[in-house]
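Okay, structure first, notes after.
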Amino acid sequence: MPAIDPHPRSPLDLDFDTMRTLGHDVVQLVAGHLASLRQQPAHTSLDRRSAEAPLATPPPAQAVAWPELLATLRQHVLPHAAREPHPGFIAYVPSCPTYPAMLGDWIATGYNFFAGVWPIAAGPNAVELLVLDWFRQWLGMPAGSGGLLTSGGSNANFTAMVAARDAAVGDDPARIARLTVYMSDQTHSSVIRAAWMAGIPRANVRLIAVDSEHRIGCDELAAAVERDRAAGLIPMLVAGNAGTTNTGAVDPLPELARWCREQGLWFHVDAAYGGFSVLCERGARALAGIGQADSVTMDPHKWLYVPFECGCLLVRDPRRLVSAFSIHPEYPKDVESDGVDVNFADHGEQLTRRSRAIKIWLSLCYFGLDAIRAAIAEAMERATQAETFVRAAPGLEVLSPATLGILCFRARPLDASDAAAADARTERINAALNADGRWLISTTRIRGALALRICPIGFRTTMQDMRELIDETARLAARIA
Ligand SMILES: Cc1ncc(COP(=O)(O)O)c(C=O)c1O
């Protein structure tokens, strides 16, 4: 380590020992939190007024003592949240980051790397190129594909949509107004919003009906494209799903890729949820063909066990990104890319961007890929096992079988002809389960029926947790009318 400067010259600078002490306190706090998760509730919340009231002071003119600040956070802020990395947090899409990944994020923060252009952060940018290439290989995309790490899946989907628009019609407003995009009605809202933000008229976003397994109907898709062409519109992009948020459904990726190529359509795959399941055998089988896409969104902050915020976009031809996003104002002339170095600011909307790659690299290398692979495989197995438990419970029924780590089920309706009563009962069971403290689960609709939905992908969740959750649901189903 270089020699320590014993005399910081600004009051905002801290001496080495103080930094170490403060950092140690934070490590104590976070490590204590993580190591005691099972003893904590999975979720606690507060109404807005109660949450704001104890914090509502003007910014202090004078320094407040560090222990007092930590005490305020401990008392009034940190407890009032869902605990995403908790073993019982199986609602929505859990984010359960490894500790080395958290530290990687902190290293990137501590060094405050500016990962927008190559020469300002060559080392961190090289790590980003490395992890992007790992992802490319896992997906089976061709060499030369590239992209960037983003704030999340929403931003990655948006970046893909803008690149596709640029490739289709450049910036011709008359032609942009005629663009149409296609996706199944199970597609995540961020893809729809991405189209809106990219200037595709809202009326031109086509949501295609799905089959009994929640996969896009290819005939309906082809008919919609044909209709739109006949009406003088310009079909631009099909967004396939590699793991829908609702049920984990995977669209027929190879067929869609082939058909889009024939039709001259950009084929984007939203694999924000399911993408990293390719690391295990079952996931790789489910996602076969994903590497043929023109672009793929993945979210390391979901199933690669790194903390928020970390999404990723990979594009078969990264020149499409440069064409859509690069802009050359006067002041960063010194750092323009020479065509070999990669300026990630030319690949998306962010100029100032943190290094998100270090946390990925540190976590993967600390544990080794086999451990991550095993965690993903076990997560899928937990959902499958939970399905077996549901099927064995006479009072429960499966609404969507375990698919890529997601299971939807409910209490068997007491009166099959009364859908509203069945939904109301599901609401009550969901509320009772979540009041327990051991779990946070969520609901969704499957073919119109309200369902309990679980996504047990966090690595702290166990098979025993599944057993207890389904047993408890069965007990509640017997009690709640
Ligand atoms: C399938 C899918 N796509 C996109 C997104 C949006 O990703 P993010 O929340 O990281 O922006 C999600 C989020 O859950 C998702 O499940």
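The values are calculated or read from the model by the stated rules, or taken from the named source; none is laboratory data. Owing to the predicted nature of the structure, the values given are computational and were not obtained by experimental measurement. All Cβ positions, even for glycine, are placed from backbone atoms using ideal geometry, and neighbour counts span all protein chains on display.
Of the residues that sit in the stretch 196-218 and are out of contact with any Ser or Thr (no Cβ under 9 Å at 6 or more places or on another chain) and within 16 Å of Leu265 (Cβ to Cβ), which one is nearest to the ligand (Cβ to nearest atom)?
Ala198
Just checking, which of Leu279, Leu304, Leu287, Leu321 is closer than 26 Å to Thr461 by Cβ, more than 16 Å from the ligand (Cβ to nearest atom), among the hydrophobic types (A, V, I, L, M, F, W, C) and assigned by TED's automatic domain parsing to the domain that holds Thr187?
Leu279
Return only the number of the condition from (1) more than 16 Å from the ligand (Cβ to nearest atom); (2) surrounded by 19 or more Cβ atoms within 10 Å (Cβ to Cβ); (3) in a helix (DSSP H, G or I) that Thr159 does not satisfy.
Going through (1) more than 16 Å from the ligand (Cβ to nearest atom); (2) surrounded by 19 or more Cβ atoms within 10 Å (Cβ to Cβ); (3) in a helix (DSSP H, G or I) one by one, Thr159 breaks only (1).
Within the stretch 232-255, track down each residue that is over 21 Å from Ser442 (Cβ atoms), of a type outside the set (A, V, I, L, M, F, W, C) and assigned to a loop (DSSP other than H, G, I, E, B).
Residues satisfying the conditions are Gly232, Asp251, Pro252.
If Thr297 satisfies every condition in (1) part of a helix (DSSP H, G or I); (2) within 16 Å of the ligand (Cβ to nearest atom); (3) in contact (Cβ under 8 Å) with a residue 60 or more places away in the chain; (4) of a type outside the set (Gly, Ala, Ser) but one, which is the exception?
All conditions are met except number (1).
Given the structure, is Glu468 part of a helix (DSSP H, G or I) and out of contact with any Asp or Glu (no Cβ under 8 Å at 6 or more places or on another chain)?
yes
Assuming Gly144 fulfils every condition listed in (1) more than 20 Å from the chain's Cα centre (by Cα); (2) in a helix (DSSP H, G or I) apart from one, which condition is it?
Checking Gly144 against (1) more than 20 Å from the chain's Cα centre (by Cα); (2) in a helix (DSSP H, G or I), the one that fails is (2).
List the number of the failed condition for Tyr273; all other conditions in (1) within 12 Å of the ligand (Cβ to nearest atom); (2) among the aromatic types (Phe, Trp, Tyr); (3) in a strand (DSSP E or B) hold.
(3)
From Glu213, Glu226, grab the single residue that is surrounded by fewer than 14 Cβ atoms within 10 Å (Cβ to Cβ), outside any helix (DSSP H, G or I) and outside the structural domain of Val398 (by TED's automatic domain parsing).
So the residue among Glu213, Glu226 that is surrounded by fewer than 14 Cβ atoms within 10 Å (Cβ to Cβ), outside any helix (DSSP H, G or I) and outside the structural domain of Val398 (by TED's automatic domain parsing) is Glu213.
Say we look at the stretch 412-464 and pick out the residues that are among the aliphatic types (A, V, I, L, M) and in contact (Cβ under 8 Å) with a residue 60 or more places away in the chain; which of these is farthest from Gln40 (Cα to Cα)?
Leu414
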